[in-house]
Structure formats: structure tokens, C-alpha cells
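The values are calculated or read from the model by the stated rules, or taken from the named source; none is laboratory data. Treat the numbers as computed from the prediction; the structure is a model and nothing was measured. A quick note on method: Cβ atoms are made from the backbone with ideal geometry, for glycine too, and the neighbour counts reach across all protein chains shown.
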Amino acid sequence: MTHAPADLLFTGGPVLTVDSARTRATGLAVRGGRVVAVGHDEIKDLAGPRTEVVDLRGRLLLPGFQDAHVHAVMGGVELGQCDLSGTTDPREYVRRVRAYAEAHPGREWITGGGWSMESFHGGVPARDLLDAAVPDRPVYLVNRDHHGAWVNSRALELAGITARTPDPADGRIERDAGGTPAGTLQEGAMALVGALVPALTAADRLAGLLRAQELLHGLGVTAWQDALLAGSDGYPDPSDAYLTAARDGLLTATVVGALWWARGRGAEQIPELLERRDRLTHGRLRCDTVKIMQDGVAENFTAAMTAPYLDACGCATGNSGISFIDPEALEEYVTALDALDFQVHFHALGDRAVREALNAVQAARAANGWRDTRPHLAHLQVVHPDDLPRFRTLGATANLQPLWAVHEPQMDELTIPFLGPERAARQYPFGDLLRAGAVLAAGSDWPVSSPDPLHGVHVAVNRVAPGCDTRPFLPGQALDLATALAAYTAGSAYVNRLDDTGSLRPGNRADLVVLDRDPFDGPAEAIAETRVALTYVGGTRVHAAPDA
């Protein structure tokens, strides 16, 4: 151990190193933004006259959390728009929409989102409620999973959507019994109205990023992978916000940007992705990942399944979801991307989409050999048992969004009845993936769900939402606390290819989090009560709670 004084010294509490043995220490020293020593009483010898000493007072120190699948700019922007999150009451939605419209009389469009499908019969809200709140201006509100939009009559009128408008190939216009558009647009149909929404300005996007960064640092997140740097398919592109922040020294987090694969195009877009990778890699920003969205979500029956969905009577329908990209073409595209050292980040929610993504990784391995591109599959709501061991054999990481693995109306009323008992029992198989030898990473998908890693850890361990007393959701798939924390630290650092983060060992970056307690000392049911006291990036403090 070097004896030069440390810049920063942590003593007086447990240090969870998240190394392979899951060892603990009681002290840690930082110099020049790097960990220089991890140990016990001997660490105190590194204190010098200018060393900042942090007394942990029994609180847990661990590596900074990393979110392996988040939409940070989108989340930050939505915090400043019409926010419908935090409630499932349709009357409250209408009240908030009306209040927002009245508070912003100059807004041409009323935009925002966060509504839950469980709030409406069949998960489909009607335009009439919005018409009553805002009759004179178009309204466009995405739901909390961002796979559907609620619009009013004025928005439908401006988009020219009528009973005669056909559904797009990658989406659906919900209709009433007479065929008239009801006011909900699913998946690709969102773009029919979304394309008319006034574009965010560069200043809007940058403000959203900075708002999100402050929030995420306050939750202990020191790095993340933004899963949607778009440019097509109706999604906003936050790339300029990240690049501006990186160039101007405003980006304190480390960010991996996942460049959007336009699903209506083919391999001809790869040169553009190469150009964007080079142009958008600067400082703390690196954009060498490509996001491929292979299917939708189960609640609106667009997640790609190996067998058809059931109807309300329990009979098989003719719909087994949508594979947004032809599976054979997917193998071709992923192989080409892998050969160019792109990581591929799949949205794969249904068991057919999971299999198609794994088949594409297998094709890339066969063609290119084993390259350190670290492909990962996000969401994994339903995984066929035959595909569980393939994550290990193919080196594909399982990117978990734990907050979704709970009993709630969206699960119990809009999902389980239409999957059937056998398939419903295969949902969010965290434990089976671990036992099959998969590498586990974790992310929030915020603003779809809470960005708080500790809430995600709570659900991964308990399979119950924080603050709820419902029965656990498939408790055999629960993770232990150490494994869940490792997914949010070392596992996500692996996915993000940030190999000098995610664990606390000499030479690694001093991306650190101090919690307000040691959650291992309390009951599992209290994990979500844990709060972040201090967050450091490269040894620099970026967050301190008021009572830290």
C-alpha cells in the first residue's frame, strides 16, 4: 500500500467491495480520483493534513450504481411537462391536464405523460376525457411505458386520423365499436400524431439532461446507458444534449449512448451509425452501442410470443405479437454490427423476441468469433426455459428491470389473463437466469418506472413493490440482496464496458455511494427505506443529502 496521503478517506463503517468474493472492508482511500487502498485500520495511516475524512458512522459504502437501461433526457424533460405519474385515478389525470393547460395558455400542444394502463378498461383511455379538459388544443400524452399515447379529438383531427385510416404495420389505432379512433395509439401508431408535436429545442433537451443528472446522482447513480438516442421512428433524439454537456464540462456522469436502429430501414443505415459513433463520443460520453427494439409490450399484445395471446374467455387468438425486425434480417444486422465492434442492446420482452435476439447473437458469434462486444437483452418479461442457458453460452447479459416483477393491476388484469398460467409463470425469471449462469445487469427504464436503484433492489429481493402488502410475485425468482446490488453495480458496469468501475479495488475509479444505513442489517422488507447520503464521481462529491 502506498503511503502518500489520500485526498479522501472513508472510515468507520462497512465497505462492500462487490468483488468476486463479496468481501467487506472498513476503510477506503482515494487519490487523484482513483481508489488507492481498501482495508481496515491501516487505511487511517493515509490521512494527511489535507485529506478529507468521511466518517461512515456505520453506513454502507459501495460502488456507484449504474443504470443499464434508462432514458435520462426524456425523463428530465417530462419532469417539466404535464406529469401524470404517481396516481392511477383518471379523475386526477383530467384535473392535472386541465390545470397544466390553464397554467400554460401559450402552449400550442399539451404534452407529457406517465398515465397507467391499469387506470382504464382494457388499458385504453378515450379521447372524451381529454376533450373535456382541453377542447381547443391538441393533447398528446404518452403512457408510463412509452408504448402508447392518449390523444384528444383535436390531435386526431390535425393528424387526419379517421375510421378509414389503416393501422401502421408496427402499431395499432384503438377504435370504438363503430370503428372511430378511440383516442389511444399503440406503438408505431403513436408517430401519426407524435410527428406533429412541436419539436423540443436544444435548450429543452439540455435542461432535461441536467435535471435528470441531478436526480440520478441523488439516487446514487454515477453512470448509465441511455437506451434511445434516436433520430427516427417518431422518437426524440437527445444526442445534442449529451454532446453539449460533454463538451462544456456539464456532464458529471459517465454515459453510454445506445444509437437507435431504425426498424423501417436495413443495413444501409450502418455507415450513419459509424459516423454518429465517432461524432458523439467525447469525454464522459461514448456512443458505441446500437439499440434494436425487437418487439413491444405484453399489455397491448405487441410483445412477440412463441404462442398466441389468449382472449378474455381464455381462448387462443390469432395474435402472437409483433417482431419489429424480420428474424433472419436481424441476424444479418447484428452480425454486421458486431463485426464493427458495436455492442447491441436489444429490447426483447416476449419469449419469441428473446429467442430471436439470442439467435442473432449466436449468428454473430458464429460469423465473427467471440468478440468483446457484450450484447445484452433488456426487459425479459417472458423467457422460454430452453433459452435460459443460452445467455451463458452466448455471453449475452440479462438486463433486468426489477420494478416490473410485482403484482399490480397492470400485471394482474392486463397481462396474466392473456398469457395463460404456464406462460405467466415464466415472467421475469431473475432467479432462473442467475442459476443458469447468466451475467445480470439492472436498469430502471425511467421514466417508465422509478429511477431509484434501491427500489429496484427491493423488488428484486422481495418481488413486492415498496410499501405494498400484496403477495410476492413468483417468489422463487427472487434474488438475494448481494446479488441484486451487484447487478446494479458490477453487472451494469460490465454492460457499460466501464471496467474500472463497478467494484472497489485499488486502481478503479472512485465512483462511490454512501447509504444512510447498512441494508444488510435490517429486514428485507425495509430495503426500500434506504436512502443515498453521499454520491461521488471520480472522487468528487456530486450529491449530499441534507443530513449527510
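Values computed for the structure shown
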read-out	value
Check on Y140, part of a helix (DSSP H, G or I), hydroxyl-bearing (S, T, Y) and modelled with pLDDT of 95 or more	no
Neighbours by Cβ (under 8 Å, 6+ apart or cross-chain): first from the range 280-301, under 22 Å from R265 (Cβ atoms); second of a type in the set (S, T, N, Q) and not in a loop (DSSP other than H, G, I, E, B)	L280/S239; C287/S239; D288/Q343; T289/Q225; T289/Q343; V290/Q343; G296/Q186
Residue within the range 451-467 that is modelled with pLDDT under 95, surrounded by fewer than 18 Cβ atoms within 10 Å (Cβ to Cβ), part of a loop (DSSP other than H, G, I, E, B) and of a type outside the set (F, W, Y) present	yes
Test: residue in the range 168-186 that is part of a helix (DSSP H, G or I) and surrounded by fewer than 24 Cβ atoms within 10 Å (Cβ to Cβ)	no
Residue match in the range 87-101 (condition: in a strand (DSSP E or B) and assigned by TED's automatic domain parsing to the domain that holds V142)	no
Members of the range 291-349 found to be farther than 19 Å from H384 by Cβ, in a helix (DSSP H, G or I) and charged (D, E, K, R), listed by number	E299, E328, E332, D338
Test: residue in the range 303-312 that is modelled with pLDDT under 95 and more than 17 Å from G188 (Cβ to Cβ)	yes
Condition met for V36 (in contact with a helix residue (DSSP H, G or I) (Cβ under 8 Å, 6 or more places away or on another chain) and either outside any loop (DSSP other than H, G, I, E, B) or of a type in the set (D, E, K, R) (or both))	yes
Cross-chain or 6+ apart pairs with Cβ under 6 Å, the range 372-401 first and in contact (Cβ under 8 Å) with a residue 60 or more places away in the chain, then part of a strand (DSSP E or B) and of a type in the set (G, A, S)	T397/A441; N399/A68; N399/A378; N399/A441; L400/A442
Single match in A258, A245 (criterion: at pLDDT 95 or above and not in a helix (DSSP H, G or I))	A258
Qualifying residue in the range 217-231 (condition: farther than 24 Å from D452 by Cα and not assigned by TED's automatic domain parsing to the domain that holds V354)	yes
Scope the range 90-149; condition buried (at least 18 other Cβ atoms within 10 Å of the Cβ) and basic (K, R); matching residues	R96, R127, R144
Residue among G106, G80, G122 that is within 29 Å of the chain's Cα centre (by Cα), outside any helix (DSSP H, G or I) and either closer than 26 Å to A298 by Cβ or outside the structural domain of A487 (by TED's automatic domain parsing) (or both)	G80
In the range 420-450, residue nearest to V406 (Cα to Cα) [restricted to those that are buried (at least 24 other Cβ atoms within 10 Å of the Cβ) and touching a Ser or Thr at 6+ places or on another chain (Cβ under 9 Å)]	F430
Residue pairs meeting the criteria (Cβ under 6 Å; at least 6 apart or on separate chains; first touching a residue at least 40 places away in the same chain (Cβ under 8 Å), in the range 44-65; second aromatic (F, W, Y))	V54/F10; L56/F10; L61/F10; F65/Y488
Filtered residues of the range 144-164 (kept if at pLDDT below 95, in a loop (DSSP other than H, G, I, E, B) and under 29 Å from H347 (Cβ atoms))	R144, D145, H146, H147
Scan of the range 252-263 for residues that are surrounded by fewer than 23 Cβ atoms within 10 Å (Cβ to Cβ), touching a residue at least 40 places away in the same chain (Cβ under 8 Å) and not β-branched (V, I, T), ordered by number	R263
Tally, over the range 468-487, of residues that are touching a Gly at 6+ places or on another chain (Cβ under 8 Å) and modelled with pLDDT under 95	0
Hits in the range 495-509 (condition: buried (at least 21 other Cβ atoms within 10 Å of the Cβ) and farther than 26 Å from A6 by Cβ)	V495, N496
